[in-house]
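Trainee: Have a look at the structure that comes next, please.
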Amino acid sequence: MKAAVLHTLGDAPRYEDFADPAVAQGEVLVRIKAASLKNFDKMMASGAHYERHSVLPVVCGNDGVGVLEDGTRVFCGGPRPPYGMMAERAVVPRLRCMPVPDNVSDEIAAALPNPALSSWLPLIWRAGMKPGETVLILGGTGVAGKLAIQIAKHLGAGRVVAAGRNKNTLESLLELGADATICIDMAEEELRDAFLREARTSNFDVVLDYLWGHPTEVLLDALTGHDIRTVSSRVRLIEIGDMAGASVNVRGTALRSSGVELYGSGGGGVVPVQAIFEAIPQVWSLAAQGKLRIDIEKVPLAEVGNVWRKDSHGRRIVFVP
Ligand SMILES: NC(=O)c1ccc[n+]([C@@H]2O[C@H](COP(=O)([O-])OP(=O)(O)OC[C@H]3O[C@@H](n4cnc5c(N)ncnc54)[C@H](OP(=O)(O)O)[C@@H]3O)[C@@H](O)[C@H]2O)c1
């Protein structure tokens, strides 16, 4: 079969022939129709993620949509290495397959779960967001950030502030439901003031942080010991991604004086598997009703080597074998 094959951590995968998978106990064979290219797939392949590939050569791709031998169209994840979803076929645990409704396309069904659940799950399970609360999204211009704006509003946020570095994209976020935007591409002092101004308009109750690194340090500084009301309320800051830096320097005073509570949300988190299985059909349904928008770029799998490192500017690449 044809597949996106990674030979060395740090390289881009190559489109080439790979041995067909054979089904083992508890598995199903999936004929793949669509697999999205996420930051997670890139980090696994680069060796930078804690779940880096341990078997090489390996087919890339952690999840996707395909058809089972009985004709059922499913979304599935966790293919058994060295197989992956960026291929014509893969083997996956039967228990990690869920049927895709007819009104959702292969591409949307494949692209939505990872970035949509990156906000859906922590808003419910980490932040315990209450109706009317204010949510700040750091990294609002990316695929996951744009979905986070829409999902926070859908789940009852009263005000959503989106922060990112791309001015043109920031403007378009108002159409997605953002009430205000902050351009982080400015001098540190100005950015600190911009965060403060927004916090004075309405305290940040929840921060969904896709950036980490310097922007988060400036935010923490802005919330530290100033004469704003955040000291009397909880600010649940949830680290979801680290596009701007792998670590932050947190001063003790930031935690003592701001009401900030630090959390993280990812694969190793506290969310029950059942909650994931319940959330995915809900985001598909919202997309089918036109209430959740994701920008997709369909790309033939044969192009994998050319687009692997491409900046897709807030669009999700979906490979079609
Ligand atoms: N924990 C989870 O469950 C989970 C799930 C999904 C995603 N994630 C993580 O969330 C992050 C975002 O994912 P995504 O799908 O939205 O990716 P994406 O579509 O590639 O978006 C990346 C975002 O990061 C911004 N960015 C990149 N480098 C930056 C820098 N040096 N300084 C400031 N901003 C920077 C981009 O801004 P521009 O628009 O200006 O380029 C964009 O807003 C990734 O780290 C991903 O691994 C985590």
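Trainee: Which residue, of 52, 94, is in the same structural domain as residue 14 (by TED's automatic domain parsing) and in contact with a strand residue (DSSP E or B) (Cβ under 6 Å, 6 or more places away or on another chain)? Even if it seems obvious, please write down each step before you answer.
Mentor: Working: 52 fails: in contact with a strand residue (DSSP E or B) (Cβ under 6 Å, 6 or more places away or on another chain).
After applying the criteria, what remains is 94.
Trainee: May I pose another question? Among the numbered conditions (1) of a type outside the set (A, V, I, L, M, F, W, C); (2) surrounded by fewer than 16 Cβ atoms within 10 Å (Cβ to Cβ); (3) at pLDDT 95 or above; (4) within 16 Å of the ligand (Cβ to nearest atom), tell me where residue 311 comes up short.
Mentor: (3)
Trainee: Could I ask something else about it? Which one is nearest to residue 146 (Cα to Cα), of the residues in segment 257-281 that are more than 16 Å from the ligand (Cβ to nearest atom) and touching a residue at least 24 places away in the same chain (Cβ under 8 Å)?
Mentor: If we take residues in segment 257-281 being more than 16 Å from the ligand (Cβ to nearest atom) and touching a residue at least 24 places away in the same chain (Cβ under 8 Å), then 281 is nearest to residue 146 (Cα to Cα).
Trainee: So how many residues does segment 142-180 have that are in contact (Cβ under 8 Å) with a residue 24 or more places away in the chain, surrounded by fewer than 23 Cβ atoms within 10 Å (Cβ to Cβ) and near the ligand (Cβ under 10 Å from one of its atoms)?
Mentor: Number satisfying all stated conditions: 4.
Trainee: On to the next question. Looking only at segment 9-55, filter to residues that are touching a Leu at 6+ places or on another chain (Cβ under 6 Å) and within 16 Å of the ligand (Cβ to nearest atom); which one of those is nearest to residue 71 (Cα to Cα)?
Mentor: Only one residue fits best here, namely 45.
Trainee: May I ask you to verify whether residue 205 is more than 9 Å from the ligand (Cβ to nearest atom) and either over 24 Å from residue 283 (Cα atoms) or free of Cβ contacts under 8 Å to residues at least 40 places away in the same chain (or both)? Steps first, answer last, please.
Mentor: Numbers: more than 9 Å from the ligand (Cβ to nearest atom): yes; either over 24 Å from residue 283 (Cα atoms) or free of Cβ contacts under 8 Å to residues at least 40 places away in the same chain (or both): no.
The answer is no for residue 205.
Trainee: Turning to a different aspect of this structure: So which of 211, 136, 191 ends up being on the phi < 0 side of the Ramachandran plot, within 12 Å of the ligand (Cβ to nearest atom) and surrounded by 22 or more Cβ atoms within 10 Å (Cβ to Cβ)?
Mentor: Values: 136 fails: within 12 Å of the ligand (Cβ to nearest atom); 191 fails: surrounded by 22 or more Cβ atoms within 10 Å (Cβ to Cβ).
After applying the criteria, what remains is 211.
The values are calculated or read from the model by the stated rules, or taken from the named source; none is laboratory data. These numbers come from a predicted model, not from an experiment. We place every Cβ from the backbone using ideal geometry, glycine too, and count neighbours over all the protein chains shown.
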